Amino acid sequence: MNDSREPTDRTTAEPASQARARRTVPATVVTVVVAAVVAVVASVLGNTVVAQTALAAGASEDFQPLTVGSYSAFTVVGVVAGLVGWLLIRRTRRPTATLRWLVPTVLILSWIPDVLLGLSDRTGVSWGAVVALMVMHVIVTVAAVLTFARLLPLTQHDAHSDAHTDTRRAPCRPDPTGGPT
């Protein structure tokens, strides 16, 4: 039994402040840097496969966004922007619920410049190349979200944050005397 007057976490019978502290995993500088590097490397590798596939399928080699220097630089920018957003959102009360709508929204918005580029009459632009760029955005998004979720996890209390009320109860234990519980 907890002798403290502080409320307890029903799932662990520890004081609520200790449960909150246990649930919030601090993001150290090293962890943040490692997460960024892993996400960038995975994204650049995936984007290289997409770019080479697009070029092999007939995209113009004059299409600058499919060159390694161009997409690598934009990949770093995208991962860093996503990382900043992730670090800010993981401090919110309902990070999972927020990311559930924010990530797809940002991804879709990131396609607007690609579509505008496809509608332009610039040299080397083709819809195949534009679709490759759009796929690259998906790769960066997936690599970043999977990496950040693994290395910079969201708070554990968020697992039940979508419920408006907590209907969980402590498990019923049979009365050792055989009476009603």
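Laboratory data are not the source of any read-out in this text; all were calculated from the coordinates shown. Because the structure is a prediction, the values reported are computed rather than measured. Cβ sites come from the backbone with ideal geometry, for glycine too, and all protein chains shown count toward neighbours.
Any chance you could run the full-extension gain for Leu151 through Thr92? It's 0.36 nm times the residue separation minus the Cα-Cα distance, nm to one decimal. Numbers along the way, then the final one.
Details: separation 59, 0.36 × 59 = 21.24 nm, distance 1.77 nm.
Additional length available on full extension: 19.5 nm.
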Per residue Cα convex hull volume for segment 27-131, in cubic angstrom? 99 Å³
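Given 0.36 nm per residue, what is the gain on full extension from Val34 to Leu102 after removing their alpha carbon distance, in nm? Provide the component values of the computation, followed by the final result.
Working: separation 68, 0.36 × 68 = 24.48 nm, distance 2.34 nm.
Between Val34 and Leu102, full extension yields 22.1 nm more.
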Most exposed first, judged by fewest Cβ atoms within 10 angstrom, Val29, Val106 run Val29, Val106
Would you compute the Debye intensity of segment 23-86 from its alpha-carbon atoms alone, equal scatterers and no solvent, and pass along log10 I(q)/I(0) at q = 0.12, 0.20, 0.21, 0.28 Å⁻¹ to two decimals? -0.39, -0.78, -0.83, -1.16
Simple spin-label model, 7 Å along Cα-to-Cβ: Val80 to Val49 in nm? 2.7 nm
Sorted by Cβ density within 10 Å, fewest first, the residues Val40, Val76, Val68: Val68, Val76, Val40
